[in-house]
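Taking it in order: structure first as structure tokens, then the write-up.
The values are calculated or read from the model by the stated rules, or taken from the named source; none is laboratory data. Quick caveat: nothing in here was measured; it's all calculated off a predicted structure. Don't worry about glycine lacking a Cβ; one is built from the backbone with ideal geometry, like all the others, and counts go over all protein chains shown.
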Amino acid sequence: MLEIKNLTVNIPALPEPILAIPHLSVATAQQVAVMGPSGCGKSTFLNIISGVLQPSTGSVKWQQQELTALSATACDTWRFQHIGMVMQDFYLTNGLSALENVLLPLAFRHWRISDALKQRAESLLEQLDMPRLHSDVAKLSRGEMQRVAIARALLAKPNVIIADEPTASLDAENSRNIARLLLEISEKERCTLVVATHDHFLSEQLQRRLLLRNGIIVSDQQTGAQIC
């Protein structure tokens, strides 16, 4: 469960906060779309709840962990253990295969990657309909790259998936496929899913929609949506 209280994010050059949330709760395993025009604070919101950014004031708590109380190093460790990040630009490493890219974050933290983790990485890619495990990611389509990025985010069995415009720049077919995959995986893995998106197809499948304007939540709707 995510609990936010009295949160503001300020920039010295601006008179008003770029994000201001008096109170927000997100239940465990809930699927939430964060929507609004460009510049409304969606990416800032994702960075705050993942601990990438610290708020100017307020509390950000996942279960019993208060993120604002952690040092930068401790917050990085906590995020690695609990949150899977799916970013719009993928951040894959050319010259490495799809499988190697999925395993890369763990390679920075472990002397040796276990056979069990390698098998999980292969299984995730196969579940995501990504058969080209050993292909250089530079040779993959954008839809295939997105599948690799999702598998990488899920490798450590996170409690939370945070995705920033995961279907942006994809064609309609790939956008719908990625939307369905995120929903199916969040249900199967019992992950909380928080997605910043302009994609109405994706947002309509999620259980809850937050609408941001000028850093303020102006609408909070429970949709009761089911996986299509």
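Sort out for me the helices (runs of 4 or more DSSP H) sitting completely within segment 48-132 that have 2 or more residues that are of a type in the set (Val, Ile, Thr). Working first, answer last.
Numbers: elements: 72-82, 98-107, 115-127.
Helices (runs of 4 or more DSSP H) meeting the threshold: 72-82.
Looking only at segment 133-158, which residues are acidic (Asp, Glu) and either assigned to a loop (DSSP other than H, G, I, E, B) or under 12 Å from residue 93 (Cα atoms) (or both)? Before you say what the answer is, go through the steps one by one.
Quick first cut of segment 133-158, residues acidic (Asp, Glu) only: 136, 144.
Of everything in segment 133-158, just one residue is acidic (Asp, Glu) and either assigned to a loop (DSSP other than H, G, I, E, B) or under 12 Å from residue 93 (Cα atoms) (or both), namely 136.
Quick grid of which residues meet (1) of a type in the set (D, E, K, R); (2) over 29 Å from residue 20 (Cβ atoms); (3) in contact with a Phe, Trp or Tyr (Cβ under 7 Å, 6 or more places away or on another chain):
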{"residue": "170", "(1), (2), (3)": "no, yes, no"}
{"residue": "173", "(1), (2), (3)": "yes, yes, no"}
{"residue": "211", "(1), (2), (3)": "no, no, no"}
{"residue": "222", "(1), (2), (3)": "no, no, no"}
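Considered as a group, the residues in segment 116-136 that are loosely packed, with under 13 Cβ neighbours inside 10 Å and within 21 Å of the chain's Cα centre (by Cα) include one that is nearest to residue 189 (Cα to Cα), and that residue is 123.
Picking from residues in segment 158-178 that are under 15 Å from the mean Cα position of the chain (by Cα) and modelled with pLDDT under 85, the one that is farthest from residue 119 (Cα to Cα) is 168. Scanning segment 78-106 for residues that are among the hydrophobic types (A, V, I, L, M, F, W, C) and more than 21 Å from residue 160 (Cα to Cα) gives 96, 98, 99. Figure legend. Inter-residue proximity from segment 92-107: first residues more than 18 Å from residue 126 (Cβ to Cβ), second residues part of a helix (DSSP H, G or I) and of a type in the set (D, E, K, R), beta-carbon distance below 7 Å, spacing 6+ or different chains. Indicated pairs: 105/152.
Is it fair to say residue 29 is closer than 25 Å to residue 181 by Cβ, assigned to a loop (DSSP other than H, G, I, E, B) and either in contact (Cβ under 8 Å) with a residue 60 or more places away in the chain or not hydroxyl-bearing (Ser, Thr, Tyr) (or both)? For residue 29, the condition - closer than 25 Å to residue 181 by Cβ, assigned to a loop (DSSP other than H, G, I, E, B) and either in contact (Cβ under 8 Å) with a residue 60 or more places away in the chain or not hydroxyl-bearing (Ser, Thr, Tyr) (or both) - is met. Residues of segment 49-76 that are under 18 Å from residue 164 (Cβ atoms) and β-branched (Val, Ile, Thr): 49, 52, 60.
Within segment 21-52, the set of residues being more than 14 Å from the chain's Cα centre (by Cα) and closer than 13 Å to residue 3 by Cα comprises 21, 22, 23, 24, 25, 26, 27, 28.
Considering 113, 161, which residue is surrounded by fewer than 19 Cβ atoms within 10 Å (Cβ to Cβ) and among the β-branched types (Val, Ile, Thr)? Full working, then the answer.
Working: 161 fails: surrounded by fewer than 19 Cβ atoms within 10 Å (Cβ to Cβ).
Checking each option against the conditions leaves just 113.
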